[in-house]
Amino acid sequence: MKVLMFGWEFPPKIYGGLAVASYGITKGMVEGQPDAQITFCLPKPCGEEEKFLRIIGMNQVPIVYRGHDYDYVKSRIPDYMTPEEYYNFRDHIYADFSYMNVNDMGCMEFAGGYPGNLHDEINNFSIIAGVVARSEQFDIIHAHDWLTYPAGVHAKMVSGKPLCIHVHATDFDRSRGKVNPTVYSIEKNGMDHADCIMCVSELTRQTVIREYHQDPRKCFAMHNAVYPLPQEYLDIPRVDHGKEKVVTFLGRITMQKGPEYFIEAADLVCKRSKNIRFCFAGSGDKYWEMVDLAAAKGIADRVHFPGFQRGKQVYECYKASDVFVMPSVSEPFGIAPLEAMQCGTPSIISKQSGCGEILDKVIKVDYWDINAMADAIYSLCTNEGLHTYLRDEGLKEVAEITWVKVGHRIRKLYDECIYNGGFIH
Amino acid sequence: MKKICLYFEIHQIVHLKRYRFFDIGRDHYYYDDYENERSINDIAERSYVPALQTLIQMCREHPEFRVAFSLSGVGLEQLEFHAPQVIDLLHEINATGQVEFLCEPYSHGLASLANEESFTAEVKRMSDRIKELFGKRPKVFRNSSLIYNDEIGAQVAGMGFKGLITEGAKQILGWKSPHYIYHCATDPRLKLLLRDISLSEDITERFTSHPIMADQWIDWVASTPEGEDFINIFGELVTFGIFHPIQSGILEFLKAIPVLAKQRGIGFALPSELCEEKSVGAIEVPYNISWVDEERDTSCWLGNVMQREAFHKLYSVADRVRVCGDRRLQMDWDSLQASNNFRFMTTKPGYQYRGIYDSPYDAFTNYMNILGDFISRVNNLYGGADNEEIDGLITMIKNQGDELAAKDKEIERLRKKLEKYNPTELEDKKPAKKAAAPKKAAPKKAAAPKKEAKAEPAPKVEEKKAPAKKAAPKKK
């Protein structure tokens, strides 16, 4: 089974949840299925990616013919690629792109991440995907998130192989219903061409069916999972604050994550109790607005804004918390509560979060129900029994959610796509 | 002759309202009046009324038919308040003389597992209530959800009950059959009637999923081996109408039972009648059993740490509530104890009904908020005195009560002795008593000052009363 995957992020360079999910899916498949060979196309690899799969840097794939000799090519390309591969790609250039802004290798540069000219990059990515699809041998195409859908569609057009797309989020989640028409059209086009749509939750699946008018028969909920914590993170000690309790929000501070509801609930809790503190970790477009709101409510002395947390800091933050809250207005999946549970921190999540579909040992409230949220926070901080139960049972529950299982489910859908010709007959 | 013993439980809880933690200390009313009125009326209309009417009709048509009921105190209060027509029907069926009312703890709570005195007090209260309502003091006891272990057996026997009904759970019966009368391992005076799980649940659990005909069911009863004469069929009265809708034909099924039983020579008996039979042996129950879930234990109320925390917190104030004498507090105490509140917090898979709560955590949080308020009210009543002091006083009161009860017995014994020695003075009882009293008073006075001076006035009053009226110290 050879899979051609298109992705935008991959660890160690992490911009958001997409990198973690891409890593988990590929790693889970490779670990669980010895015959799975994955070729993962990234706009701009940093060269330090793990080697369990083959990485193709799209910024190393030529789209304009350049007659360099072997030694020059070897000196110019990074060591995860061979000059033979370069020449193979060069042999499959399918049109004249010399009008485009290419470098001396005939390749296009990518800024990586999410720059201002994102739409240009998406378009370039799809052009290069045409070359890759012509050069490579594969059984199925798998495209992660809307940025890579055009590339996936292009590859399908060229090769005639079935296309799976993985919906990690939709623009409806990001914009609370006010979609960007360009983004929507890219998403819709990708879904229309896909033979199989994997959504990270039933919630997302319903959005895809309802808002993107997709056939329910080819839409599947494919919940994410988590990797067991590495020893380094397990060794971080849990912090005991004595009489004080710490309640944490960790994520991008933006409308989608519902930060204002967290402040409102914090306000209600602070009115009644003097020993609960709130930690508001993360950065985002609503950061200053939230600082202002906390100050206006008069609880700025109990709400702390440590800013963006990176790598190990994230886990230190979980371990130093007694309660983790994710009040997202609309969360396609939301991996953070699973990570918090791995650290032994009970979570409160909004019912509008996709991860709630596979989690039972968490407290679920409506994101707008600040009374219920405050009540749950207070209860977890004051009742030892509830805290102990959710901590211990949460650890057990989250240990059962593995990427290898996800990999097997994905494989089943691949097989269905390849051998039975898809889901709609 | 084979005999069927039918028994149905009548119990509904007082639903608690949504109570946020910011209400603690501000709002002392915990109940969802609308839900209470709605649910009890709904249940009365769909289940209790038609079921009782059917049973009344059956009693009239078949003089040999017998059926027993038990009411929980909280359920009774709800019925009296919202659906008195059910009480009227109970009086009507009581008038046929073919029924018996059993006793159970007033609150339908778990006091039997937590606090002996509270349990005893509750049972006494319920027993008095049944006597007052239906004219007869119950002789047979059933604990909330048939919870039973050897210790409970001993306590119940000590309260003067002749029999107790509980579950014929596999883990206690082993190879034995529930169709005999057994007795309690710790007190042979107490007979045990064990529920036949399979035959009971054919009606209570499986009637709609695996429908059966009455003649088929009676044939199963009739085909039990020779000598296994007592078939105990226990269930909740809401089996008729709520668990299985009336249109499933369950009342027709019920009506057919006495007719078909007569044809096969099967009779009916009340629990108290069965308790007159000879026991075939003791049943040892070292661990708690109940009639709930496949495990037949207490795991659905006390299975997880949340439930245990709530349980321990609730019963940590049991002694204080019992001796406080604040009527309103004690009423709240009854409704908070109901085992259903704990069941809402269960995390066992497959349990669906959670009242107004959408998860066990929600149920726990709400209950703990209410409990927080309740406990602070109880503590306020004691003026913030610290726990040790209050517990010390409570223990002292209890010890003195026990002492008085022991002395009472002693007086009774001596009086009888005295009567034996002076048979001539038999008619002249009063001098005899007076003669006995001073004898007892002397050592007691000596004992009292050893304790704390504070409590002295109380025992003094009791001393005077004790010889004159036997029951006086117990009332306290």
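The values are calculated or read from the model by the stated rules, or taken from the named source; none is laboratory data. Values in this document were obtained by computation on a predicted structure and should not be read as measured data. Heads up, the Cβs are rebuilt from the backbone with ideal geometry, glycines too, and the neighbour counts pull from every protein chain shown.
Residue by residue through the stretch A:290-312, note down the ones that are free of Cβ contacts under 8 Å to residues at least 24 places away in the same chain, surrounded by 14 or more Cβ atoms within 10 Å (Cβ to Cβ) and out of contact with any Phe, Trp or Tyr (no Cβ under 7 Å at 6 or more places or on another chain). Of everything in the stretch A:290-312, just one residue is free of Cβ contacts under 8 Å to residues at least 24 places away in the same chain, surrounded by 14 or more Cβ atoms within 10 Å (Cβ to Cβ) and out of contact with any Phe, Trp or Tyr (no Cβ under 7 Å at 6 or more places or on another chain), namely A:ALA300.
Please determine whether any residue of the stretch B:254-261 is without any contact (Cβ under 8 Å) to a residue 60 or more places away in the chain, under 28 Å from B:GLU64 (Cα atoms) and away from chain A (no Cβ under 14 Å). Looking for residues that are without any contact (Cβ under 8 Å) to a residue 60 or more places away in the chain, under 28 Å from B:GLU64 (Cα atoms) and away from chain A (no Cβ under 14 Å), one finds at least one in the stretch B:254-261, hence yes.
Could you list all residues from the stretch A:400-425 that are hydroxyl-bearing (Ser, Thr, Tyr), assigned to a helix (DSSP H, G or I) and surrounded by 15 or more Cβ atoms within 10 Å (Cβ to Cβ)? The one that is hydroxyl-bearing (Ser, Thr, Tyr), assigned to a helix (DSSP H, G or I) and surrounded by 15 or more Cβ atoms within 10 Å (Cβ to Cβ): A:TYR414. Does B:GLY97 satisfy the criteria of being out of contact with any helix residue (DSSP H, G or I) (no Cβ under 8 Å at 6 or more places or on another chain) and buried (at least 20 other Cβ atoms within 10 Å of the Cβ)? When the stated conditions are applied, B:GLY97 does not pass them.
For the stretch B:356-378, a residue qualifies if it is surrounded by fewer than 16 Cβ atoms within 10 Å (Cβ to Cβ) and either in a helix (DSSP H, G or I) or at the interface with chain A (Cβ under 9 Å from one of its Cβ atoms) (or both), and the qualifying residues are B:ASP358, B:SER376. Scanning the stretch A:75-95 for residues that are modelled with pLDDT of 90 or more and among the charged types (D, E, K, R) yields A:GLU84, A:GLU85, A:ARG90, A:ASP91.
Here's the yes/no breakdown for (1) within 14 Å of another protein chain (Cβ to nearest Cβ); (2) buried (at least 16 other Cβ atoms within 10 Å of the Cβ):
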{"residue": "B:MET306", "(1), (2)": "yes, yes"}
{"residue": "B:ALA310", "(1), (2)": "yes, yes"}
{"residue": "B:ALA318", "(1), (2)": "no, yes"}
{"residue": "B:ASP326", "(1), (2)": "no, no"}
{"residue": "B:LEU329", "(1), (2)": "no, yes"}
{"residue": "B:ASP334", "(1), (2)": "no, yes"}
{"residue": "B:SER339", "(1), (2)": "no, yes"}
{"residue": "B:ARG343", "(1), (2)": "no, yes"}
{"residue": "B:THR347", "(1), (2)": "yes, yes"}
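Number of residues in the stretch A:362-381 that are more than 8 Å from every other protein chain (Cβ to nearest Cβ) and closer than 26 Å to A:CYS199 by Cβ: the value is 6.
Checked against (1) within 14 Å of another protein chain (Cβ to nearest Cβ); (2) crowded, with 18+ Cβ neighbours inside 10 Å, B:TYR351 meets all criteria but (2). Evaluated against (1) at pLDDT below 80; (2) under 33 Å from the mean Cα position of the chain (by Cα); (3) over 30 Å from B:LEU314 (Cα atoms), B:ALA458 falls short on exactly one condition, (3).
Of the helices (runs of 4 or more DSSP H) lying entirely inside the stretch A:171-266, the ones with 3 or more residues being surrounded by 20 or more Cβ atoms within 10 Å (Cβ to Cβ) are found at A:171-175, A:181-193, A:202-211. For residues that are in contact with a Leu (Cβ under 8 Å, 6 or more places away or on another chain) and part of a loop (DSSP other than H, G, I, E, B), scanning just the stretch B:144-168, find the one that is surrounded by the fewest Cβ atoms within 10 Å (Cβ to Cβ). Only one residue tops the list, namely B:LYS162. Among residues of the stretch B:93-105 that are farther than 13 Å from B:ILE165 by Cα, those with a beta-carbon under 7 Å from a residue that is part of a loop (DSSP other than H, G, I, E, B) and among the hydrophobic types (A, V, I, L, M, F, W, C) at least six positions away or on a different chain give the pairs B:GLN98/B:PHE65; B:GLU100/B:LEU270.
Taking each residue of the stretch A:382-399 that is facing another protein chain (nearest Cβ under 7 Å) and assigned to a helix (DSSP H, G or I) and looking for partners that are among the small types (Gly, Ala, Ser) and surrounded by 22 or more Cβ atoms within 10 Å (Cβ to Cβ) with beta-carbon atoms closer than 6 Å, six or more apart or interchain, yields A:LEU386/A:SER379.
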